[in-house]
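A short write-up of the structure that comes next.
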Amino acid sequence: MQAIEINDLIFRWKRGQATVLSLDSVRIARGEQVFISGPSGSGKSTLLSLLAGVTTPEQGSLQILGKRLERLGSVERDHFRADHIGYIFQMFNLIPYLSMVDNVTLPCRFSRQRRDKAVGRSGTPEREAIRLLEHLDMAHDDLLGRPVTTLSVGQQQRVAAARALMGSPEIVIADEPTSSLDSNRREAFVQLLFNECSESGSTLVFVSHDESLEPLFDRRIPLTEVNRAGRPESTAE
Ligand code: ADP
Ligand code: MG
């Protein structure tokens, strides 16, 4: 079974507006680590919001882990996302009034399945959070007690990664997670994601406009090449 299978998908944000994505066929296998590249405005975040079931296509099919996401209602899609998808946002979206550990265990509040996996692995969600934070070099006593708002950007990003990895979701989605890191720290961050994803067998879909990271991945999907939207008619086949 594929992790992700898209066929003849068409998406626009509003009727009457331009088509943002028109994808013939995109397949991502289970366990693959894929780099989706494309310039700003090319529809990378839009594609990720479709994969996560935040939005639905106007036409075509979108199968995630064998489930036809476009056939589900929004409540079912919310459950599906909570159970199966870890999402690292570009702006991290940490909850300012929660501790670092409570930020990381958050997915367990929304998904029984992820809670059970965390408990199976470490005994409690809190211990699993500490284990993940240790791997990301964030489990120091002086850091754990600090409000997340006082962490550096690079530290916040690692907390966001630990949260996405919590409860070993089958798919981890990262939207430009390295854009605010120094270039010498980007590769180390990507390696940490790789290690955690391969340990739990998660598929990684990583979006960036930073082409220097591309050689680290199993495969690259250049969005402007696979997306028919926005191409002049004459060059479309
Ligand atoms: P990228 O992530 O590659 O920079 P986006 O997917 O954010 O590109 O944007 C693709 C296009 O969709 C842009 O024209 C953008 O203005 C538009 N867009 C993105 N998000 C929204 C939204 N929530 N509502 C309406 N239009 C949007
Ligand atoms: Mg984007």
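For residues that are touching a strand residue (DSSP E or B) at 6+ places or on another chain (Cβ under 6 Å) and β-branched (Val, Ile, Thr), scanning just the stretch 81-131, find the one that is nearest to GLU199 (Cα to Cα).
ILE85
Considering only the stretch 183-196, I want to know if a residue exists there that is surrounded by fewer than 20 Cβ atoms within 10 Å (Cβ to Cβ), touching a helix residue (DSSP H, G or I) at 6+ places or on another chain (Cβ under 8 Å), outside any helix (DSSP H, G or I) and charged (D, E, K, R).
No, the stretch 183-196 contains no residue that is surrounded by fewer than 20 Cβ atoms within 10 Å (Cβ to Cβ), touching a helix residue (DSSP H, G or I) at 6+ places or on another chain (Cβ under 8 Å), outside any helix (DSSP H, G or I) and charged (D, E, K, R).
Determine if the stretch 70-80 includes at least one residue that is basic (Lys, Arg) and either over 28 Å from SER180 (Cβ atoms) or surrounded by 21 or more Cβ atoms within 10 Å (Cβ to Cβ) (or both).
There is at least one residue in the stretch 70-80 that is basic (Lys, Arg) and either over 28 Å from SER180 (Cβ atoms) or surrounded by 21 or more Cβ atoms within 10 Å (Cβ to Cβ) (or both).
Within the stretch 90-116, which residues are closer than 21 Å to ARG146 by Cα and within 16 Å of ligand 2 (Cβ to nearest atom)?
MET91, PHE92, ASN93
Do we have SER40 as polar (S, T, N, Q), assigned to a helix (DSSP H, G or I) and within 16 Å of ligand 2 (Cβ to nearest atom) here?
no
List every residue pair whose Cβ atoms sit under 7 Å apart, with the two residues 6 or more apart in sequence or on different chains, where the first one lies in the stretch 40-65 and is touching a residue at least 40 places away in the same chain (Cβ under 8 Å) and the second, anywhere, is within 15 Å of ligand 1 (Cβ to nearest atom) and of a type in the set (Lys, Arg).
Cβ pairs passing all conditions: GLU58/ARG12.
The rows are residues; the columns are (1) open to solvent by less than 20 Å² (accessible area, probe 1.4 Å); (2) more than 10 Å from ligand 1 (Cβ to nearest atom).
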site	(1), (2)
SER22	yes, yes
ALA29	no, yes
GLU32	no, yes
PHE35	yes, yes
SER40	no, no
SER45	no, no
LEU48	yes, no
LEU51	yes, yes
THR56	no, yes
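Among the numbered criteria (1) open to solvent by less than 10 Å² (accessible area, probe 1.4 Å); (2) farther than 21 Å from LEU47 by Cα, which single criterion is violated by SER168?
Of everything listed in (1) open to solvent by less than 10 Å² (accessible area, probe 1.4 Å); (2) farther than 21 Å from LEU47 by Cα, SER168 misses just condition (1).
The values are calculated or read from the model by the stated rules, or taken from the named source; none is laboratory data. Small disclaimer: the values here were computed from a predicted structure and weren't measured. As a convention, Cβ positions derive from the backbone with ideal geometry for all residues, glycine included, and neighbour counts pool all protein chains shown. Please note that ligands, DNA and RNA were not included when accessible areas were found on the heavy atoms of the full protein model with its side chains. Shrake-Rupley method; radii C 1.70, N 1.55, O 1.52, S 1.80 Å.
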